[in-house]
Amino acid sequence: MAFKRLEPEDFIVSSDSVTSTVWSNNSPSLNTYFSSSVQTEGTSGPYYLSVYQTDPDAEEAAVQFQIAYANKNGGGGVLFDSGVPGKSPTTTIYGQYRTLVLEDENASFVWGDSFTGSADNDFYVISIERARYKQSLLPGSLNLVLSSSNNNINNIQLTDDSNMVTLPTYYGTMRAYQLISGSDGKSYQAIADLPGTGYTLASGSYGLVLPDISTILLNASALNDNSVPDETGGGGINLGTVTTDDTFGNNPAKLFAAISGSYEFASSLPNIFELNSQETLTSDYVFIRARNSEYNYTENPSFISGSTGEVIYPYFINNPQTYPTTIGLYNDSNDLLAVAKLSRPIQKDFTKEALVRVKLDF
């Protein structure tokens, strides 16, 4: 065994982006949707609805995402206290996301450039289950088809606008993209090389996509905006949001119906939910250089006489040969920190030099 001190130029740091599917069984698209009556009727029911890829009672069932409804003034939820108006589960959800995203308890969500929606500033939330991804969502991979509740209005397909902007909007260090009518990160107009944002005409964008917290906010006003009800987008799907303060609107179930296809009328768009995740892997590359004069002798007992300490085969005195198979990384205290195994032994003698690149992933 021989040691060699590594120099600063022997270390290189590199970052690589790795993408993968979000949904269970490595499926690129979620096409079947199930909810659990136990969860819906339980204590969490007024706050959110869990969505599974199969029957919740099946062994392979796993939560894929949750749906919630938020209302600034408490609409669509039963009041916590009848003597305190405007305070319901929908208010709580609104406050949670306002704090998480806007970091300002007095701010309102803006959909697009300036539109803040209705006086309730209400929105739906699709929160991807944390177990479905490692780091963040992949911008441009979102394709979500929503069915219409009105047979006079076509379904809509939504995506983020990541392939149309140079930089996303930032809330602190959190990235945000506008949710628009289109596919694969572009509006339908942009795909056809035409001007157009993919927003609704009267209600701004369809919401926000926040890849770093795996969350999609859907502008309720845009979903009910029928200003341009055509198949290329621009209109809503008539979810019929309930905003009575003391009435449980069951609004998450309405969005679930739009996602799952329960509202589906004649349409060429199947109900799909495509989404990928993204992970940045940071790797340290260590370059181990064995020059022609180094690592040619070995301490293996088969080379050396145990009684005299002499080389058993004189041929190896002037023409030694070794076959390194393992590289160890040690600190100054001679503690072994990492081990790299070579795919095959490397022949080393005075006529050969070796360069081995070791990759350390964190």
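The values are calculated or read from the model by the stated rules, or taken from the named source; none is laboratory data. These numbers were taken from a predicted model, which means no experiment stands behind them. Note that we place each Cβ from the backbone using ideal geometry, even for glycine, and neighbour counts take in every protein chain shown. Calculation scope for accessible area: heavy atoms of the full protein, side chains included, ligands and nucleic acids excluded. Shrake-Rupley method; radii C 1.70, N 1.55, O 1.52, S 1.80 Å.
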Going residue by residue through segment 8-28, is there one that turns out to be open to solvent by less than 80 Å² (accessible area, probe 1.4 Å), under 30 Å from Asn251 (Cα atoms) and in a helix (DSSP H, G or I)? yes
Pick from segment 308-346, criterion of a type in the set (Phe, Trp, Tyr) and touching a Phe, Trp or Tyr at 6+ places or on another chain (Cβ under 9 Å), ranking: surrounded by the most Cβ atoms within 10 Å (Cβ to Cβ): Phe316
Determine if segment 48-69 includes at least one residue that is part of a strand (DSSP E or B) and more than 29 Å from Tyr171 (Cβ to Cβ). yes
Six or more apart or on different chains, Cβ under 7 Å: which pairs go from a residue in segment 187-204 that's of a type outside the set (A, V, I, L, M, F, W, C) to one that's in a helix (DSSP H, G or I) and exposed (fewer than 11 other Cβ atoms within 10 Å of the Cβ)? Could you list them? none
If we scan segment 181-194, do we find a residue that is of a type in the set (A, V, I, L, M, F, W, C) and open to solvent by less than 50 Å² (accessible area, probe 1.4 Å)? yes
Restricting segment 166-221 to residues that are aromatic (Phe, Trp, Tyr) and in a strand (DSSP E or B), the one modelled with the highest pLDDT turns out to be Tyr177
Among residues of segment 91-120, those that are of a type in the set (A, V, I, L, M), in a helix (DSSP H, G or I) and free of Cβ contacts under 8 Å to residues at least 60 places away in the same chain, counted: 1
Name the one entry in Phe65, Phe109 that is open to solvent by less than 20 Å² (accessible area, probe 1.4 Å) and closer than 22 Å to Val22 by Cβ. Phe65
Pick from Glu299, Glu294: which is over 30 Å from Gly140 (Cα atoms), touching a residue at least 40 places away in the same chain (Cβ under 8 Å) and loosely packed, with under 14 Cβ neighbours inside 10 Å? Glu299
